[in-house]
1. Among the residues of segment 84-100, write down those that are more than 14 Å from THR116 (Cα to Cα) and touching a residue at least 40 places away in the same chain (Cβ under 8 Å).
2. List every residue pair whose Cβ atoms sit under 9 Å apart, with the two residues 6 or more apart in sequence or on different chains, where the first one lies in segment 214-234 and is polar (S, T, N, Q) and the second, anywhere, is loosely packed, with under 15 Cβ neighbours inside 10 Å and assigned to a loop (DSSP other than H, G, I, E, B).
3. Yes or no: HIS251 surrounded by 11 or more Cβ atoms within 10 Å (Cβ to Cβ), free of Cβ contacts under 8 Å to residues at least 24 places away in the same chain and either acidic (Asp, Glu) or closer than 30 Å to VAL273 by Cα (or both)?
4. Can you give me the ranges of the strands (runs of 3 or more DSSP E) entirely in segment 106-198 with at least 2 residues that are within 19 Å of the chain's Cα centre (by Cα) and either within 27 Å of ILE16 (Cβ to Cβ) or without any contact (Cβ under 8 Å) to a residue 60 or more places away in the chain (or both)?
5. Based on what the data block shows, is ARG5 touching a strand residue (DSSP E or B) at 6+ places or on another chain (Cβ under 8 Å) and over 22 Å from TYR81 (Cα atoms)?
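The values are calculated or read from the model by the stated rules, or taken from the named source; none is laboratory data. Because the structure is predicted, anything quoted here is derived from the model rather than measured. Cβ: placed from backbone, ideal geometry, glycine included. Neighbour counts: every protein chain shown.
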Amino acid sequence: MKLLRPTSPGQRQRTIADYSSLTKKEPEKSLTFGRKRRMGRSKQGRITTRHRGGGNKRLYREIDFKQNKMNIPGKVISLEYDPNRSSFISLIQYHDGEKRYSLAVKNMKVGDPIITSEDAPLTDGNRLPLAKIPTSFFVHNIELQPARGGQIVRSAGSSAKVMAHEGKYTHIQMPSSEVRKILSTCLATIGVLSNPEHNLINYGKAGASRWRGIRPTVRGSAMNPCDHPHGGGEGAQPIGLPYPKTPWGKHALGKKTRKKNHATNKFIVSRRVKK
């Protein structure tokens, strides 16, 4: 993380990620394409997620979440910034000449070798079936179903821990502290993801949020009663309710959103620890 000189009020508290490890500014042209963002709207044009809109234009980088080039060695040829995700990305060139983007591992450097194989060395960046990864190893970009590609543990600085092997399942401790069973034939990449200080970044000014497509949020207590359950009253008032509510009268805090009889409940060994 990098502190900026306080040359203006917006710069005084602002921090940015440390980009000194990145080696290339322009992305690989063959792996990029334009993508229209929906700005929090459904196909019908209705707002389904509030406070989204605007933001800088982004070029989408095609990321290889499957990493399914089995037994073909590759080499890291560049480390790059991706505006579409929190972690950095690495450009891999395989021995057959093909180039692919993948999520960069912490402390990865240009020239590092990587491979996807059942017999791959247990080093950061290599991809193996969970059955071949010993306990206490940290992994990321984990498949939930074989050959579908990594679906979980993909954000900056995150990792999951291999806890145990039991029959055809491997017990994985998620970043939330939940322990769940995943098929041992699913692939996972060894190591902790790059940019671990992403959650400590201070935008410093409202404009930095607008660059990211985040629009302002108004407190419910600052509204009128016709606009929000928390609204109304002369001056600052308590909400006057037994629990906070959304603008539509639903529970705003502490409401469980997972279905009681969810089909994947049988794979959860222990629930996350509430903080």
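1. ARG85, SER86, SER87, PHE88, LEU91, LYS99
2. Pairs that qualify, where the first residue is polar (S, T, N, Q) and the partner is loosely packed, with under 15 Cβ neighbours inside 10 Å and assigned to a loop (DSSP other than H, G, I, E, B), are THR217/ARG50; THR217/HIS51; SER221/GLY233; SER221/ALA236; SER221/GLN237; SER221/PRO238.
3. yes
4. 138-140, 160-166, 169-173
5. It is false that ARG5 is touching a strand residue (DSSP E or B) at 6+ places or on another chain (Cβ under 8 Å) and over 22 Å from TYR81 (Cα atoms).
Listed here are the residues, each with its yes/no results for (1) crowded, with 21+ Cβ neighbours inside 10 Å; (2) out of contact with any strand residue (DSSP E or B) (no Cβ under 7 Å at 6 or more places or on another chain); (3) modelled with pLDDT under 95; (4) within 30 Å of GLN11 (Cα to Cα).
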| residue | (1), (2), (3), (4) |
| --- | --- |
| GLU118 | no, no, yes, no |
| PHE137 | no, no, no, no |
| HIS140 | yes, no, no, no |
| GLU143 | yes, no, no, no |
| ARG180 | yes, no, no, no |
| CYS186 | yes, no, no, no |
| LEU193 | yes, no, no, yes |
| GLU197 | no, yes, yes, yes |
